[in-house]
Amino acid sequence: MATITRRKFIDLTKSAILGGAAVAGASALMSGSARSANSDADADKNDTRGEWVIPSYCDVCFMGCGINVTVKNGRAIKIEGNPAHPISRGKLCPRGTGGLGQLYDPDRLKTPLMRTSDNQFKAVSWQEALDHVAGKMKSIMAAHGPESMALLKHGKGADPFERLWHAIGSETEGHPSYAQCRGARDLGWSLTFGKGPGGVERVALDKAQVVAFIGGHLGENMHNVTVQDYTTGLRNGASHIVVDPRFSTAASKAKHWLPIRPGTDIALLLAWTHVLIYEELYNREFIETYATGFDELKAHVEKTTPEWAAPYTGLKARDIRQTARELGAAIPHSLLFPGRRFAWYGDDTQRARAMAIINALLGAWGSESGIFLGDRIKVPGFPYPESHVKAKHAIEDKEKYPLGTSTPVQDIIDATIPGRFKGATQNAPVKGWLVYSTNLVRAVPNPDLIAEAVQHLDLMVVVETMPAEITGYADIVLPDTTYLERYDVMNAPEWREPFVSIRQPVVKPLYQSKPSWWIAKQLAERLGLGEHFNYVNFSEVIDYQLKQMGSSIKDINQKGGVLKKAFEQPEMKFRTPSGKVELFSKTLAKAGFDPMPQFIHHPQPPDNYFRLLYGRTPQHTFSRTSNNAMLLELFPENAVWVNTDIARIYGLKDGQPVVLKNGQGVKSNPVKVRVTKRIRQDCVYMAHGFGRSDQRLTRSYKVGADDNGLLSEYELDPIMGSTGSQVNFVTFV
Ligand code: SF4
């Protein structure tokens, strides 16, 4: 880590919280002997007598599965899938049922904390914390403009802070999920089809007969409804092609495993495109009806044969040809799975384009057994007042990323460090951060840069439920409620059964935690912008919106927490400039980029180094769950996968702890070796989210290793700024 001077990382067990009374009070609350009063709780449902089942929706990952929470004598005792909910269908993944471990984690943040002049945290009252934050915001905005305040956020709970930013007149916002996860994918698909495959992907894995996965490791990546459809498809005899340097769980269920050399996926995709077109295996009717640019695409892939791709990818030409033929033969029941966590090598938008183009050739878009078209319930707005200020952005990245749809967090980090953001009108125009529910140092590559950036901030506020590592860099830490203790905006994704579901408190907030809407509203009032939060309790917003739909909170609860409407088949429409599926993108060409995907040679690991791959386990989400007692019991620590032959050369034994070091000399915690034939020789692999470095996380501190800490390097996607991080090489110390 970079040397921290002014804003020293605070590790609370090393530097005990000042103000013991607050800590003593917190432990009394933990025992259940008292609870804080909070306006967010619904008194009727939280009657401390009797047993209740309260519907809501999960927040352990983004899927938003419907849950039923059993509450007995004021304590939540069980979380089950809501059978009435189209995304969970009565089932949950292990993380969903393990949500109680998050609610009742004794390591939770319990009280507002303020950094002292000697780099300690002292427990303070909400009033003192909020007055301090609002006072600092006022002086920063007066000196540098409202846009100098940046909001870094994740999840539905961020909505009230977005409202606050709208009210102050700042558009300086970023969410790591854009540059790390879906941004490049959605842009690549939008350039092709006019829209992306959806937050909850509209993929008919239950009906498709042949599916290709490029690196997506479903089964380990436990997205509930997607995995349910995936297993249904397998049971129905679907045939899968898994392209992955690692023999993942999905690979073990597949007909074909293609252990590709990392960095060469576009070569494979171009070769598949060649076979589909030149062997006339594409969906001619779909292409002739809906697509434009076919002739250019045909000429573009004339020479990208399987034989051309084989030496780059390390795959056999006959396997490339055979798998393309199987995809083509199953038209219109075949597709390429869109995947997530898409930022790999810096040409990610183009990889998404290559995948979208193949889906177009298969005619998968709009197919009931492909990428189906969804319908949604439109949630009416709440009569919030208009903001009279014209919102500004601290950085002009439209020139840098003309096709970008959001601000990469990396740009906000750069714009906080003097001299680092190129093209900014001011030097380091970002002066304050409010970080909501994202552990940036575990979510964004090159965490050293974050440690450097916070040194230049005039204000750093973190709103969190847990003492995540990012809280150690804060001036003020505000304890957030978990999703089981608050109302949030409703969930109404595009899906084949259109629905809306509510999130509501099932128990009163524990300790002194407060919901994000309450914190944002309190800050707005202190900033003289209280009229932008024209409600007393966020339940009023939900109730108002439901009433516009002919329902209410009471009514939706009687209906199991979900409202549905009949599916209306949407028209096959493409919101591209041509109104067609764009195989050749004039938009890309006009912006100076390749109109069709090109294969780029990416560096391969030098001698004695191995590419670091990372991924998921079914029991954990990011670093968010790695201190959850219920989930740790199921998956206690990560290990580093090392190919059997490599382990022999380095004398590594199964279970032996090893330290990894990357090309910049950054070392990991000791992590156990898993010797396996299930990975290529040039790669190692780790599940993400372990190796926690804050001692306040009593169960997960120093358990396993942190992959993100080894991601010192990243490749920026020139089209939209995603931070490709599968470009780091490690060796064994
Ligand atoms: S997939 Fe699992 S963690 Fe994600 S929302 Fe559903 S139940 Fe929760």
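Taken together, the values in this text are just the output of simple stated rules run on the coordinates, not laboratory data. Every value quoted in this text rests on a predicted model; they were computed, and no experiment measured them. Backbone-built Cβ (ideal geometry, glycine too); neighbour counts: all protein chains shown.
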Report summary line: Simple SL model, points at 7 angstrom along Cα→Cβ for Arg496 and Ala317; separation in nm is 4.0 nm
**Report entry** Cut-off 17 Å, label 7 Å out along Cα→Cβ of Lys573, residues of region 280-307 by amide N
**Finding:** 290
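With both partners inside region 182-374, how many of the DSSP beta bridges are antiparallel, as a percent to the nearest 5? All intermediate terms of the calculation are to be shown ahead of the outcome.
Numbers: 1 of 15 bridges.
Antiparallel bridges make up about 5 percent of those DSSP assigns within region 182-374.
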Query - Backbone N within region 666-699 under 13 Å of label point (7 Å from Gln604 Cα along the Cβ vector) - result: 681-683
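What full-extension length gain, to one decimal in nm, is calculated for Ser252 and Arg376 as 0.36 nm per residue of separation minus the Cα-Cα distance? Could the numbers behind the result be given before it?
Details: separation 124, 0.36 × 124 = 44.64 nm, distance 3.52 nm.
Once the chain is fully extended between Ser252 and Arg376, it gains 41.1 nm.
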Report task. Report the relative contact order of region 302-449, percent, no decimals, based on alpha-carbon pairs under 8 angstrom and at least 6 residues apart. Result -> 13 percent
Report summary line: the chain: relative contact order from alpha carbon pairs under 8 Å, six or more residues apart, as a whole percent, is 20 percent
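Looking at this model, which pairs from Lys195/Lys398; Lys298/Lys580; Lys390/Lys573; Lys72/Lys514 are more than 28 angstrom apart at the alpha-carbon?
Working: Lys195/Lys398 20 Å; Lys298/Lys580 17 Å; Lys390/Lys573 33 Å; Lys72/Lys514 22 Å.
The pairs that break the limit, which is 28 Å between Cα atoms, are Lys390/Lys573.
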Query raised in the report: Counting DSSP beta bridges with both partners in the chain, what percentage is antiparallel, nearest 5?
Result: 45 percent
Query raised in the report: By how many nm would the segment from Thr698 to Lys72 grow when fully extended, if each residue of separation counts as 0.36 nm and the alpha-carbon distance is taken off?
Result: 222.6 nm
Query raised in the report: Mean residue ellipticity at 222 nm from the helices of the chain, using -39,500 (n - 2.57) per DSSP H segment of n ≥ 4 over the full residue count, to the nearest 500 deg cm²/dmol?
Result: -8000 deg cm²/dmol
Query raised in the report: Relative to the present Cα-Cα distance, how much length would full extension add between Ser139 and Ser125 at 0.36 nm per residue of separation?
Result: 2.9 nm
**Report entry** Dipole of the chain, positive direction: furthest Cα of Met149, Gly721, Leu634, with charges on the beta-carbon
**Finding:** Leu634
**Report entry** Under the Karplus curve 6.51 cos²θ - 1.76 cosθ + 1.60, θ = phi - 60°, whole-Hz ³J(HN,Hα) for region 59-76, x wherever Gly or Pro sits
**Finding:** 9, 6, 9, 7, 5, x, 5, x, 10, 10, 10, 8, 10, 10, 6, x, 10, 6
Requested in this report: Kindly express, to the nearest 10 degrees and within the range 0 to 90, the angle between helix 159-168's C-alpha long axis and the longest C-alpha principal axis of the chain.
Outcome: 70 degrees
Query raised in the report: What size of dipole, in debye to the nearest 20, comes out for the chain about its Cα centre when the only charges are +1 on Lys and Arg C-beta atoms and -1 on Asp and Glu C-beta atoms?
Result: 1260 debye
Query raised in the report: Measuring from centroid to centroid over Cα atoms, what is the spacing of region 94-156 and region 182-225 in Å?
Result: 34 Å
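Rounded, prolate or oblate: pick one for region 182-374, where a ≥ b ≥ c are the square roots of the eigenvalues of its C-alpha gyration tensor, a/c under 1.5 means rounded, and failing that, prolate if a/b is larger than b/c, else oblate. Don't jump to the answer; show the numbers that get you there.
Values: a/c = 1.30, a/b = 1.12, b/c = 1.17.
Rounded shape, in that the Cα axes give a/c under 1.5.
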Query - Percent of Cα-Cα distances greater than 37 Å, calculated over the chain - result: 40 percent
Query raised in the report: Hey, what do the phi angles of region 451-456 turn into as Karplus ³J(HN,Hα) couplings, whole Hz, using 6.51/-1.76/1.60 and θ = phi - 60°, x for Gly and Pro?
Result: 4, 6, 4, 5, 5, 9
Query raised in the report: How about Lys255: which lysines have a C-alpha closer than 28 Å to its C-alpha, ignoring those fewer than 8 places off in the same chain?
Result: Lys91, Lys207, Lys303, Lys316, Lys677
Requested in this report: State, to one decimal in nm, how far the label point of Glu280 lies from the label point of Val536, with both points 7 Å from Cα in the Cβ direction.
Outcome: 7.4 nm
Query raised in the report: Among rounded, prolate and oblate, which fits region 327-415 when a ≥ b ≥ c are the square roots of the eigenvalues of its C-alpha gyration tensor, a/c under 1.5 means rounded, and a/b larger than b/c means prolate?
Result: oblate
